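To start, the structure under review is shown below, and the notes come after it.
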């Protein structure tokens, strides 16, 4: 099983320019990145992550699981270990006011999450006002949307919103920005909890139903879709488990497997058979 | 706690022979109208101009300005700018001053690449707006191998999402030994069967042969290092979109080569001139595990 790519600074080939819609991470920009086995550099969205590695790992773990579950993800993704000099120069080009904050640097290196640029735009960019909410909910009611919502709940993604759901028609969705997966908990220090409330993605369906944006029929169908999509989670996790463990070990050392064990325990519980059915109160 | 100083990359990265900055050469056709077009790309190292490439034609300017755009004026502008840049070679970019106030150099950002020319070409393709880069594909166009492999991987991922990661290695296979990673041109392996997908759909027979031979060599050597029950080669044959003489040259060569593959018994040979059919054959190599 090929390891999730962790690449040296040389893989960051060219700074291209700012991302039009940057989201919460001010360091997000476009660059050409050379991924393994690719000869030509690939236009990629790049963002610098805190040096504790957790947010970067969250992105990689989510990418691995989503891909394993058959959900559309950027074809190429990697963590790149930039030199702090390169990172500073990049930020200067992006915005002269941006500083390379201390929490982004360790041992003169910066961890960057890189993923191939997608052609589509987010729901936030494409639609405005009430139409934005309507399209977001409508997307979640599709088969693809249900698969995404199921994985958001399994990974307890805290930050799904109009800005990080790319939309190229109702049946082509790409979920990005998984920094706040795994309950945004410092799992490298302690085991992540299993919060009682549903994740924001699934909660938005409940809200849409309560506010009559969707009918009861549509709501029930969406929940059943999520529960059905979750049936594939356990095998998907099994398929990428080795890569996930290897990535955590590579970044954290983790000789006794305690850290990767925490991550896996969290996800395994939430991807167990019938877990989603019970969670949503859907008859299986 | 993470120690980024100790984290080793999973894959080797090639040390670029060029590192510097890219710049855009911009032209403002009307001094009183703030509309600029990128007419060239330049590279600098340590702040000094090193290389540049200007668009020799500007069909998009002709679109914009119609009768006001004259090819002779463009040629004059091009030649004058070329002379100014030549005079400014190896001098600080910040000090560059073109004789025309309508021309400016704007710093883009960090750039690197295997060679100066490759970096310049890539930058030019990406930023120059006055030429049409996406030309209509010629009728005689094959299927590049990278594109074929992506298409096959996408097809497999759609149809076998739960198992895809079990046997697919879109990034190729690596063997790590002595602190070094050695890559093999093999896209599929489940521990029992290793296979590679190659494109023979090229206008040049040399490209097709190179793809076949590279994958064959790596499969044979890999299976000596990591014994496999079976190895497979999936070949996309030149389709009807390619000229007759290309397909004839291929079939003359492949007739003998495919005989050797089949009769040797060393390979499972899969062939098709359609990507989906080829992907389906690859899928058959990796049956679903028994429940």
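Across 5 Å bins from 0, what is the distribution of all Cα-Cα pair distances for region A:184-239, in whole percents?
All Cα pairs considered, the percentages come to 4, 15, 16, 18, 19, 13, 9, 5, 1.
Take the alpha-carbon positions of region A:92-236, form their convex hull, and give its projected area averaged over all directions (one quarter of the hull surface) in nm².
If I average the Cα hull's projected area over directions, I get 11.7 nm².
What's the percent breakdown of Cα-Cα distances in the protein assembly as shown across 20 Å bins, shortest bin first?
Binned Cα distances yield the sequence 18, 47, 32, 3.
In nm, to one decimal, how far is the residue A:190 label point from the residue B:94 one, both placed 7 Å along Cα→Cβ?
Between residue A:190 and residue B:94, the label points sit 5.1 nm apart.
Give the dimensionless ratio obtained when the Cα radius of gyration of region A:47-170 is divided by 2.2 N^0.38 Å.
1.21
At 222 nm, what helix-only mean residue ellipticity would chain B give, in deg cm²/dmol to the nearest 500, using -39500 (n - 2.57) for each DSSP H run of four or more?
Rounded to the nearest 500, the figure is -12000 deg cm²/dmol.
How far apart, in nm, are the 7 Å Cα→Cβ label points at residue B:45 and residue A:101?
It works out to 3.7 nm between the two label points.
When the convex hull of the Cα atoms of region A:26-105 is projected onto a plane and the area is averaged over all directions, what value comes out in nm²?
With the hull built on Cα positions only, its mean projection is 5.9 nm².
Taking every alpha carbon pair in chain A, what does the distance histogram look like in 10 angstrom bins from 0, in percent?
Answer for chain A: a P(r) of 7, 29, 35, 23, 7, 0 percent.
For region B:1-95, how big is Rg over Rh, using alpha carbon atoms and the Kirkwood form of Rh?
1.20
Relative to the compact globular guide of 2.2 N^0.38 Å, what is the alpha carbon radius of gyration of region A:23-64, as a ratio?
1.30
Can you bin region B:43-161 into rounded, prolate or oblate? Criterion: square roots of the alpha carbon gyration tensor eigenvalues sorted a ≥ b ≥ c, rounded for a/c under 1.5, prolate for a/b above b/c, oblate for the rest.
oblate
What value in Å³ per residue do you get for the convex hull of the alpha-carbon atoms in chain B?
That works out to 223 Å³ per residue.
Which residues in region B:142-168 place their backbone N less than 14 Å from a point set 7 Å from the Cα of residue B:249 along the Cα-to-Cβ direction?
B:142
As an exercise, use a Förster radius of 30 Å and the Cβ-Cβ distance of residue A:273 and residue A:212 to find the FRET efficiency, rounded to the nearest 0.05.
The value I calculate is 0.35.
Just round it to a whole percent: the fraction of Cα-Cα distances in region A:175-268 exceeding 22 Å.
43
Relative contact order of region B:217-291: what whole-number percent is it, with Cα pairs under 8 angstrom and at least 6 residues apart?
Reported as a whole number, the value is 37 percent.
Which whole-number percent gives the relative contact order of chain B, counting Cα pairs below 8 Å spaced six or more residues apart?
15
Which whole number in µm²/s is D for region B:217-269 by Stokes-Einstein, with the Kirkwood Rh taken over Cα pairs at 25 °C and 0.890 mPa s?
Translational D for this selection: 193 µm²/s.
Once you wrap a convex hull around the alpha carbon atoms of region B:152-291, what is its projected area averaged over all directions, in nm²?
The orientation-averaged projected area of the Cα hull of region B:152-291 comes to 9.4 nm².
To test your reading of the geometry: what angle, between 0 and 90 degrees and rounded to tens, separates the Cα axis of helix A:216-229 from the longest principal axis of chain A?
Taking the Cα atoms of chain A, the angle to A:216-229 is about 50 degrees.
What is the spin-label model distance, in nm, from residue B:150 to residue B:67 if the labels are put 7 Å beyond Cα along the C-beta direction?
4.5
With the calculation restricted to Cα positions, what are the radius of gyration and Dmax of region A:116-176 in angstrom?
Using the Cα atoms of region A:116-176, the pair Rg, Dmax is 10.8, 30 Å.
Helix B:244-264 versus the longest principal axis of chain B: what is the Cα-based angle in degrees, 0 to 90, to the nearest 10?
30
Could you tell me how many degrees, from 0 to 90 and to the nearest 10, lie between the Cα long axis of helix A:200-210 and the main elongation axis, the longest principal axis, of the Cα atoms of chain A?
30
We did not get these values from a lab; they are worked out from the coordinates using the rules stated. None of the values given here were measured: they were computed from a predicted structure. Cβ coordinates were reconstructed from backbone atoms using ideal geometry, including for glycine residues, and neighbour counts include every protein chain displayed.
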